[in-house]
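So the structure is just underneath, and the comments pick up after that.
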Amino acid sequence: MTPDAALRPSELVQGSVKLSSPPLIYHRLMEVINHPRGGAHDVAKVIREDTALTARLLKVVNSALFSFPRRIETVSQAVTVVGTSQVRDLALATSVLSLFKDVPPDLVEMDGFWRHSLACGVAARVLAGLRGEHNIERFFVAGILHDVGKLVIYTRIPDQARKVLEGARSTHALHHQVERTVLGFDHAQVGAALLEKWNLPASLQEAVHYHHAPGRAQRFPVEAAAVHVADIVAIALGLGNGGERFVPPLSPDAWEKLGIPLDLLPPALEELDRQFEAAVQLLGLD
C-alpha cells in the first residue's frame with residue numbers, strides 16, 4: 001500500500017491548528033524567567049493574569065503529585081516552593097489539556113485520550129525522579145504531549161485517520177506503523193513538527209519525535225527513553241486509551257539508557273498509581 005496523503009508533517013501543522021494558551025503562556029513565562037531582573041514575583045504575576053491557569057496550577061501543586069506538608073494558598077507560594085522552571089512546565093502541561101476541542105468523536109474518545117497522556121506524563125515523571133533528574137516536570141510535559149500529533153491528524157485529515165484506525169483493526173498492527181503505511185509519516189513526527197512550530201524546547205521535540213524509536217534520539221536520549229518506557233507502561237496498565245490496541249515492544253536500549261534497577265520497578269508502579277489518581281483531576285480543569 002502506498003501513502004495517500006500529500007501533506008508532510010510540517011505542512012500539516014500550518015494554519016488550521018489553533019495555537020492558544022500553551023505556547024502563549026509558556027513563552028511569556030520564558031521571557032520573564034530569562035530576563036536579567038526577572039524573579040519569582042514576576043512569574044507569579046504572569047500566571048495570576050490567567051484565572052483559569054491559576055486555579056489549575058494551585059490544584060496541581062496541592063495534589064498528591066507533590067504531597068507538600070502544608071497547603072499552598074497563592075501562586076507566589078507555588079513558585080517559591082516548586083521553582084520557576086517547574087511552574088513554567090506545569091503551566092504548559094495543564095494548559096494543553098484545553099486544546100483540540102473539535103476532534104471528531106468517532107476517531108477518539110477525548111477523556112480516555114487525555115487519561116493515557118496523563119498516565120504517560122506521570123510515568124515519565126516517576127522515572128525521571130528515580131534517576132534524580134533536576135527538573136522532572138519537563139518529563140511530565142513530554143509525556144502529556146507525546147501523542148498530540150494524533151490530534152492534529154484527526155483534526156486536519158480525518159478521512160485518512162479513519163483509514164489508519166481501520167487498518168490497525170484489520171491487520172493487528174501498531175497504530176504508528178499503520179500511519180506510516182497510509183500517510184507516509186506517523187503521529188510522532190507530526191507532534192514534533194507542532195512543538196517546533198510552537199518553539200518549544202528541543203528536548204520536548206526530540207522526546208515526542210522518537211518516543212517509538214528512542215534509539216534514534218541524538219541530543220536527548222534520556223528524555224526519549226523515558227517517554228518510550230512510560231508510554232508502554234501506561235498502555236500495559238490500561239490507564240486511559242490513546243488509541244493503541246496492543247502493547248508495543250519495549251526497547252531494551254531505552255531501559256538501559258534510563259539506568260534504573262529492576263528492583264525499583266514495583267515501588268515505581270505504586271508511585272505511578274498514586275500520582276496518576278491525583279493527575280486525573282486535571283481533566284476537569286479547562
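Taken together, the values in this text are just the output of simple stated rules run on the coordinates, not laboratory data. Not measured: the values here are computed from a predicted model. Don't worry about glycine lacking a Cβ; one is built from the backbone with ideal geometry, like all the others, and counts go over all protein chains shown.
Listed values, structure above:
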| read-out | value |
| --- | --- |
| Along the chain, longest interval not containing exposed trypsin sites (Lys or Arg not before Pro), exposed being DSSP loop plus at most 11 other Cβ atoms within 10 Å | 102-218 |
| Nitroxide proxy distance, nm - points 7 Å out along Cα→Cβ at residue 159 and residue 106 | 1.3 |
| Cα gyration tensor category, rounded, prolate or oblate, for segment 226-286 with a/c compared to 1.5 | oblate |
| Lysine pairs meeting the criterion (Cα under 23 Å, 8 or more apart or interchain), as found in the chain | 10 |
| Relative contact order (%) - criterion: Cα under 8 Å, at least six apart; region: segment 10-284 | 22 |
| Choice from 242, 39, 149 with maximal GNM fluctuation in the chain (Cα, 10 Å cutoff) | 39 |
| Separation of alpha-carbon centers, segment 196-243 and segment 109-168, rounded to whole Å | 8 |
| Sparsely packed chymotrypsin sites (Phe, Trp or Tyr not before Pro) within segment 222-286, loop by DSSP, other Cβ within 10 Å at most 11 | 246 |
